[in-house]
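The numbers here are math on the coordinates, done by the rules we state, and not lab data. All values derive from a computational prediction rather than experimental measurement. Here the Cβ positions follow ideal geometry from the backbone for every residue, glycine too, while neighbour counts run over all protein chains shown.
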Amino acid sequence: MKESHSANLNEIKLLVNQQKFHDAYKDICTYLKIRPNKAEALLLGAFLANKLEKYSKSENLLKKAIEINPRNIGARVNLSSVLYKLEKFSESKKIIIQTLNLRIEDPNINSQLGSLAYRLGLFEESKLFISQAIKKSSNKRELLYRLSFSYLALGLVDDGWALFENRIGIITQNSVRFIPRIIYNKSDYWKGENLQMKSLLVVYEQGFGDFIQFLPYVLNLKKNFHFRLKIVCKKQLIPLLKNITEIDEIYDDEDKISLEKINFDFWVFIMSLPNIFSNINLKHEVNTPYIDSNKQIFTQQELRKDKKLSVGIVWKGNPNHKNDKYRSISDMSLIKKISKVDSINFYSLQINEEIKQFGAINLISLDGYIDNFQDTVNIVSSLDLVIAVDTSIVHLCGAMNKECWLLLSRVNTDWRWVKETSTQYNSVKIFMQKEYNFWGDVIDEVCFELKKLTT
């Protein structure tokens, strides 16, 4: 008997090709009522459920498909991905470990496994999977870029930074920003040529924290060459950089008129400097502090009222960051628990955050005093300690040599906190989750350490 229109696999696939996912999902559900054990339909249903963020439904369909065909590696990897989205991280990890001894020829499957392994902290496994994907894939450059993070997390820095160069031209301009003249003058890209009596334009890329972390490479260049240093960065950083005497000119990367007028001999992205330093055997040193306060907004005595310690807290990052769900703390009861520690004045360093909405909590907001990074530095300089999730303020504290306790997620952990792979900060102490996506133990440990400071 011919299948009905609403339950025809070929027509459902046509809807998928037309990206009519809601209609396709409705029809595949009808189809599966008629033929619940057809593996092809189960996999298609799982795909559509995943597309529509119906992850529990996708999980169930994939498990049923695997029961029918246990050798379907693609289904197992897709299940691992769905389990990750459902925050069943240990189950997702288990599947990845089980695939290690399998011979997988499909580069897409290896690539997917590599990404999942990295997010779950399996850096050696991620390196293995992505390396296998590179052998078979035609899209090698993007894979080589992704491979760099596994190398960096494993402490293989020279190879890691060389691989990292594959990012240029393949990731979004939101991550690597091009200014007009650079687009038409690729030959001016600095690869380590002598800079004596020349001018070098260093271009901001990726996040605020990245720029702050890699700033010492720029300052080291000034120790090795006599040249004119020009910086293109986000306007929020300009007040901060104006206090650094080694920098000769600073430009806002959104000021198109000024950018067109810049003259330079060479230009370079700031995160290319580690690779160039390695290639020309230039020594890299980090001398902290390399960022300082230029005025006091509050004295230390004002923040230590009643002779208490003063502690700044940052529990959220930029909500647009792709990993913000896991790096930030959304449960305010955990922050409230920290704020209850006696003999400490707690200050919120969050921007545009309504503290009063969280009820009775011992936090004084300093948001009204912060317009840019220099304001933050001026406030932090008078605090005794900063407690923060993985945001740019951790880099600021490190650059200032200010004591900072970093609250670190075990999910999609940034490579720079895994090993001493790049600029590390002596003043930063890491409190990392013991379990995936569980902040309870971290907060308990922080409270314990805070109490030790006040006794």
- Query: Out of residues 5 or more away from G207 or on other chains, whose amide H comes under 5 Å of its own, with H placed 1.01 Å from N in the peptide plane?
  - Reply: none
- For W405, distant residues with modelled amide H under 5 Å away: V386, I387, A388, K429
- Under Karplus coefficients 6.51, -1.76 and 1.60, residue-wise ³J(HN,Hα) of segment 373-389 in Hz, glycine/proline x: 5, 5, 4, 4, 4, 5, 6, 4, 4, 9, 7, 7, 7, 10, 10, 8, 6
- Task: Starting from the amide H of S365, placed 1.01 Å from N in the peptide plane, find each other amide H under 5 Å away whose residue is 5 or more places distant or on another chain.
- Result: S348
- Query: Counting alpha carbon pairs within less than 8 Å and at least 6 residues apart, what relative contact order, in whole percent, applies to segment 300-453?
  - Reply: 23 percent
- Query: Which whole-number percent gives the relative contact order of segment 1-75, counting Cα pairs below 8 Å spaced six or more residues apart?
  - Reply: 23 percent
- Degrees between helix 140-153 axis and first principal axis of the chain (Cα, 0 to 90, nearest 10): 60 degrees
- Message: Can you order the peptides 387-393, 272-278, 17-23 by their average number of other Cβ atoms within 10 Å per residue, highest first?
- Response: 387-393, 272-278, 17-23
- Item | Those Cys residues of the chain for which no other cysteine Cβ falls under 4.7 Å | C29, C233, C447
- Return the percentage of antiparallel bridges among DSSP beta bridges fully within the chain, rounded to the nearest 5 %. 5 percent
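Sort the following peptides by mean Cβ neighbour count (other Cβ atoms within 10 Å, averaged over residues), highest first: 399-406, 312-319. Kindly include the intermediate steps, with their values, before the conclusion.
On the way: 399-406: 21.8, 312-319: 19.9.
Output ranking for 399-406, 312-319: 399-406, 312-319.
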- Note on the structure: For segment 279-286, Karplus-derived ³J(HN,Hα) couplings (6.51, -1.76, 1.60; θ = phi - 60°; whole Hz; x for glycine and proline) come out as 5, 9, 6, 8, 6, 10, 10, 10
- Message: Suppose the chain between K452 and K322 were pulled fully straight at 0.36 nm per residue; how much longer would it get relative to their current alpha carbon spacing?
- Response: 43.3 nm
- Note on the structure: With a Förster distance of 35 angstrom and the Cβ-Cβ distance between K308 and E445, calculated FRET efficiency to the nearest 0.05 equals 0.95
- Note on the structure: Diffing segment 29-34: the Karplus 3J(HN,Hα) column from phi (6.51, -1.76, 1.60, θ = phi - 60°), in whole Hz with x for Gly and Pro, holds 5, 5, 4, 5, 5, 7
- Note on the structure: Dividing the helical contributions, -39500 (n - 2.57) per DSSP H run of n ≥ 4, by the residues of the chain yields a 222 nm value, nearest 500 deg cm²/dmol, of -13500 deg cm²/dmol
